[in-house]
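J.: Please read through the structure below; I'll follow up with questions.
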Amino acid sequence: MKVIVGSKNKDKVKIVENALKNLHLEIDVDSVGVDSGIADQSLDREITKKRAINRAENARKSKLALFTPIFLASETPIFS
């Protein structure tokens with residue numbers, strides 16, 4: 001199964017790889033740098049959630065997306 005992560009952040013990609021391998025899934029993980037369309041510093045949960053959704057949707061629109069069924073993205077929020 002092919003999975004595209006909407007981030008070039010190596011740590012985020014590795015987390016996805018490890019999580020899916022722990023589910024005993026045979027996967028091929030690729031990554032693509034995409035914009036979230038929202039300011040870089042997520043200060044609340046809803047904005048953080050929207051940033052991740054936008055990244056996954058933008059990964060789906062990338063050139064790597066052909067015949068790829070799963071698109072993932074994650075965000076690291078900054079809460080005060």
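J.: Just to be sure I understand the model, the point goes 7 Å from the Cα along the line to the Cβ. What's the resulting Glu46 to Lys2 distance in nm?
T.: Each label point is offset 7 Å from its Cα along the Cβ direction, giving 3.7 nm.
J.: A follow-up question, please. At what distance in nm do the modelled label points of Asn18 and Asp35 sit from each other, each positioned 7 Å from its Cα along Cα→Cβ?
T.: Using points 7 Å along Cα→Cβ, the separation is 3.2 nm.
Values in this text are rule-based calculations from the coordinates and carry no lab data. From a predicted model like this one, the values you see are computed outputs, not experimental measurements. A quick note on method: Cβ atoms are made from the backbone with ideal geometry, for glycine too, and the neighbour counts reach across all protein chains shown.
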